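Below: the structure, in structure tokens.
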Amino acid sequence: MKKTLKKKLLKNKKKEAAVVTETMQVYKRRFEKHFEELQWLYTELYGNNSMFAELCDQMESFYRERGADLKSLDFQRETDPGWYKRNDMLGMMLYIDNFAGDLKGVQSKLEYLQKCNVNYIHLMPFLETPKGRSDGGYAVSDFRKVQENLGTMEDLDSLTAACHKKGIRVCMDFVMNHTSEDHEWAQRARRGDGEYMSRYFFFDNDHIPSLYEKTVPQVFPTTAPGNFTWVEEAGHFVMTTFYPYQWDLNYRNPRVFNEMMYNFLYLANRGIDIIRIDAVPYIWKELNTPCRNLPQVHTIVRIMRMICEIVCPSVLLLGEVVMEPEKVVPYFGTLDKPECHMLYNVTTMATTWHTVATRDVRLLKRQLDIVNSLPKDYVFLNYLRCHDDIGWGLDYASLMAEGIGECSHKKYLNDYFQGFAGGSNSRGELYNADPVSKDARFCATTASMCGIERAGFEQNDGMMEQAIRLDLMLHAYMFMQSGIPMLYSGDEIAQVNDYTYKEDPYKAEDSRYIHRGAMKWERIENITDLDTVEGRVFQGLEQLERIRKKEKAFAANADTWTIETWEQSVLCIGRVFEGEKIIGLFNFSEHDKTAWINETDGDYVELLSGEEMKPIGVNVPAYGFYYLKKE
Ligand code: GLC
């Protein structure tokens, strides 16, 4: 008896050992594939062999610690690298507390998310952050601890596992440009510990800071002017590109880079599928430069990509680059040396709202043409609204050619969306209105910008009808863009602006909280009732989502192009994937219009109504749209 048990145990042990050797061989294969380039780039940045050796050791340890389920996911996705480009990918970003109280709450709402056809959730920052000095969670004081009110790391493990069971991918922010001033490193630096001071940018007088100020623009000119903060206790200035309580990390110090990579891998091992690299263009600083998009930033992102491919190849990198297209695109890297898997389509988002305010699609068409001409492997995340403000970063050179000046146009857009000009029904607030440059950005929810808030307040049915049509048309158009669509939690039931932030002294100064309101769950009861706004918007989106999931032509990497309509207010987008073709028509005006297109390559059916329709001289109703599929 005893003997057979012993034999069995021995056999099991041997089996286990064989599995371990096998997975280590997988690791070795990945490591060897990238080793040379990894070493080369690391040495170029740091020239420090022992720190490089430490990084490699730690990568292997994180790999060993990575759960078997995640390793098998790695393997699955490695063999199916296009897994995230399919037409069923639909994201939603949400604040855990606003959406469901805490992480456990989110886990209890997974069925609702599935009802929304969402299979990718972006959990807004949830790591430890000081109350009142958190920048919405973007000032992290401990990268390995969840905010107490939101739960624990175990809750996160359990949520990601539950999501994976349902085929939902989880995204989180990796705020690597800075730490909170309460982070352990910052506390030690504040007490004058040189080792920790060297992890930030400290200066004992304002000479160097004033030189930096000459070339570095301001992110928050009104709410947090300047790029440096005086730290009384340390008797030094510290670099703070964002808020004074967000201290910029010094990536010239290899200790900073290594430790942050260990944090990154720790989080990846919690089952995170997509890591959003926050404020990535800012991570390398150099005197006499704008301290944005420096070449070293790309070296770092490339190294991160290789670290992912070695340790956790199922993880995607999403870069947050809120800049003009020429600056965004390099973050994809090249096809043989890729950096980020996905980037935000920010200029298109801003240009969309410009189009709403002008009812003129020409600039948007040009912008989409730029995006559509990029390699299909580049995947953009498309969105109408996110947690941040809208900066009016448009192609002003093109607008100038038509006599539209940057300053006056920004003023028009801000006036329009506050509801002051251009026959607008929008509601919202300015953000960081700079009294010197007269520049301002804008904040509001999609529904409020479409007029749903005003129509509801005035109980104006005609206005409401128009606002809902605009809201749905914009979503239909967003689904048609090249890439993956991302909903903002609450938009599926047309949540309007939330003004209660003004009563919270910690938030009152930051108007971005106007569109970061709590989810109104009592309204969810209405989603089946077509006599309510929630019902109409939810079901309208549902229909679009179902079509998108069914039709291959919506794949992220489908061929996408625009078609001239000879009508200023109507945009036309074509898509083809594996022989299937869809044409979308979108009327950005409150009047009926005719799109003078002439597609004579066969019969088409309109996917929402199921009716036959010829894509030749199509009448598109006010704020209406069509999805025409070639039969
Ligand atoms: C990103 C975030 C923004 C935050 C900033 C600083 O831009 O989207 O909300 O304020 O980074 O971390």
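We did not get these values from a lab; they are worked out from the coordinates using the rules stated. Remember, it's a predicted structure, so these values are computed and weren't measured experimentally. Please note: Cβ atoms are built from the backbone with ideal geometry, for glycine as well, and neighbour counts cover all protein chains shown.
P(r) of the stretch 337-405 in 5 Å steps, Cα pairs, percent per bin?
In order of increasing distance, the bins hold 3, 15, 25, 24, 16, 11, 4, 2, 0 percent.
Between Ala68 and Glu111, what is the FRET efficiency for a Förster distance of 41 Å, r being their Cβ-Cβ separation, to the nearest 0.05?
Working from the Cβ atoms, E equals 0.95.
Less than 24 Å apart at the alpha-carbon level, and either on another chain or at least 8 residues along: which lysines does that give for Lys33?
Within reach: Lys71, Lys337.
Sort out for me the Cα centre separation of the stretch 576-628 from the stretch 167-192, rounded to whole Å.
Centre-to-centre distance over Cα atoms comes out at 48 Å.
Relative to the Cα centre, what is the charge dipole magnitude of the chain, using +1 at the beta carbon of each Lys and Arg, -1 at the beta carbon of each Asp and Glu, and rounding to the nearest 20 debye?
2660 debye
Which of the trypsin sites (Lys or Arg not before Pro) found in the stretch 414-474 are in a DSSP loop and have at most 14 neighbouring Cβ atoms, other than their own, within 10 Å?
Lys438
Could you compute the FRET efficiency for Ala518 and Lys165, with r as their C-beta to C-beta distance and R0 at 22 Å, rounded to 0.05?
0.20
Could you give the nm distance between label points at Lys549 and Glu590, where each point is 7 Å from its Cα heading toward the beta carbon?
3.6 nm
Take every Cα pair under 8 Å in the stretch 205-321 that's 6+ residues apart, average their separations, divide by the length, and report that relative contact order as a whole percent.
It rounds to 23 percent for the stretch 205-321.
Please report, for the Cα atoms of the chain, the Rg to one decimal and the Dmax as a whole number; what are they, in angstrom?
Calculated on Cα positions, Rg and Dmax stand at 25.5, 93 Å.
Quick check: residue separation of Met400 and Leu10 times 0.36 nm, minus the Cα distance between them. What number comes out in nm?
Going from the current span to full extension adds 132.6 nm.
Could you tell me which residue out of Asn253, Gly132, Thr229 lies farthest along the dipole of the chain toward its positive end? Charges go on the beta carbon: Lys and Arg +1, Asp and Glu -1, centred on the Cα centre.
It is Asn253, whose Cα lies furthest towards the positive end.
Using Cα pairs under 8 angstrom and six or more residues apart, how large is the relative contact order of the stretch 316-403, in percent?
30 percent
Just name one of Val371, Met153, His591: the one whose Cα is farthest towards the positive end of the charge dipole of the chain (beta-carbon charges, Lys/Arg +1, Asp/Glu -1).
Result: Met153.
What angle, in degrees between 0 and 90 and rounded to the nearest 10, separates the Cα long axis of helix 461-480 from the longest principal axis of the Cα atoms of the chain?
Helix 461-480 and the main axis of the chain meet at about 50 degrees.
Report the gain in length on full extension from His34 to Asn98: 0.36 nm times residue separation, minus Cα-Cα distance, nm rounded to one decimal.
Separation in residues times 0.36 nm, less the Cα-Cα distance, equals 18.9 nm.
Please report the antiparallel percentage of DSSP beta bridges with both residues in the chain, rounded to the nearest 5.
60 percent
How high is the relative contact order of the stretch 1-142, given as a whole-number percent (alpha carbon pairs under 8 Å, six or more residues apart)?
13 percent
Report the net charge of residues surrounding Pro290, where surrounding means a beta-carbon distance below 12 angstrom and charges are Lys +1, Arg +1, Asp -1, Glu -1.
Charge balance near Pro290 sits at +2.
Using packing as a proxy for protection, rank 192-199, 569-576, 619-626 so that the peptide with the highest average count of other Cβ atoms within 10 Å comes first.
Descending packing order for the listed peptides: 569-576, 619-626, 192-199.
Calculate the spin-label point distance for Trp561 paired with Val26, positioning each point 7 Å from the Cα along the beta-carbon direction, and give it in nanometres.
Label-label distance for Val26 and Trp561, simple model: 4.2 nm.
Assign unit charges at the C-beta atoms only (+1 for Lys and Arg, -1 for Asp and Glu), then state the dipole size of the stretch 215-363 relative to its Cα centre in Debye, rounded to the nearest 20.
My answer is approximately 220 debye.
Given the C-alpha centroids of the stretch 407-463 and the stretch 345-371, what is the distance between them in whole angstrom?
17 Å
If I take R0 = 30 Å and measure r between the Cβ atoms of Leu335 and Thr79 in this structure, what FRET efficiency does the formula 1/(1 + (r/R0)^6) give, to the nearest 0.05?
0.95
Let's see if you can work this out: charge +1 on each Lys and Arg Cβ, -1 on each Asp and Glu Cβ, no other charges. What is the dipole magnitude of the stretch 534-622 about its Cα centre, in debye to the nearest 20?
260 debye
In a shell of Cβ-Cβ distance under 14 Å around Asp529, excluding Asp529 itself, what net charge do Lys and Arg (+1) and Asp and Glu (-1) give?
-3
Could you compute the net charge surrounding Val322? Neighbours are other residues with a C-beta less than 10 Å from the C-beta of Val322; K and R count +1, D and E count -1.
For residues surrounding Val322, the net value is -3.
Roughly how compact is the stretch 568-631, stated as its Cα Rg over 2.2 N^0.38 Å to two decimals?
So the stretch 568-631 has a normalised radius of gyration of 1.05.
In whole Å and largest first, what semi-axes does the C-alpha gyration tensor of the stretch 216-308 yield when each eigenvalue is scaled by 5 and square-rooted?
Ellipsoid semi-axes (Å, largest first): 26, 16, 14.
Based on the mean of other beta carbon atoms within 10 Å per residue, what is the order of 18-25, 267-274, most packed first?
Result, highest mean Cβ count within 10 Å first: 267-274, 18-25.
How much length, in nm to one decimal, is gained on full extension between Thr43 and Lys502, taken as 0.36 nm per residue of separation minus their Cα-Cα distance?
In short, 160.3 nm is gained.
Nearest 10 degrees is fine. How inclined is helix 153-165 to the longest principal axis of the chain, computing both from alpha carbons?
It works out to around 50 degrees.
Can you find, among Ile96, Ala447, Pro244, the residue sitting farthest towards the positive end of the charge dipole of the chain, where Lys and Arg contribute +1 and Asp and Glu -1 at Cβ?
Of the candidates, Ile96 comes out farthest on the positive side.
Give me the distance in nm between label points sitting 7 Å out from Cα along the Cα-to-Cβ direction at Ser50 and Glu148, one decimal.
For Ser50 paired with Glu148, the spin-label model returns 3.9 nm.
Once you have the alpha carbon radius of gyration of the stretch 151-308, what is it after dividing by 2.2 N^0.38 Å, with N set to its residue count?
In units of the globular-protein estimate, the stretch 151-308 measures up at 1.14.
For the stretch 257-264, take each phi angle, set θ = phi - 60°, evaluate the Karplus expression 6.51 cos²θ - 1.76 cosθ + 1.60, and give the result in whole Hz per residue in order, putting x for glycine and proline.
Those phi angles translate into 4, 4, 4, 5, 5, 5, 4, 4 Hz.
Step through the table entries Lys109/Lys630; Lys115/Lys630; Lys166/Lys549, compare each Cα-Cα distance with 26 Å, and write down the pairs that go over it.
The pairs that break the limit, which is 26 Å between Cα atoms, are Lys109/Lys630; Lys115/Lys630.
Would you kindly derive the ³J(HN,Hα) couplings of the stretch 298-312 from the backbone phi angles with the Karplus curve 6.51 cos²θ - 1.76 cosθ + 1.60 (θ = phi - 60°), listing them in order in whole Hz, with x for Gly and Pro?
5, 4, 5, 5, 4, 4, 4, 4, 5, 4, 4, 5, 7, 8, 9
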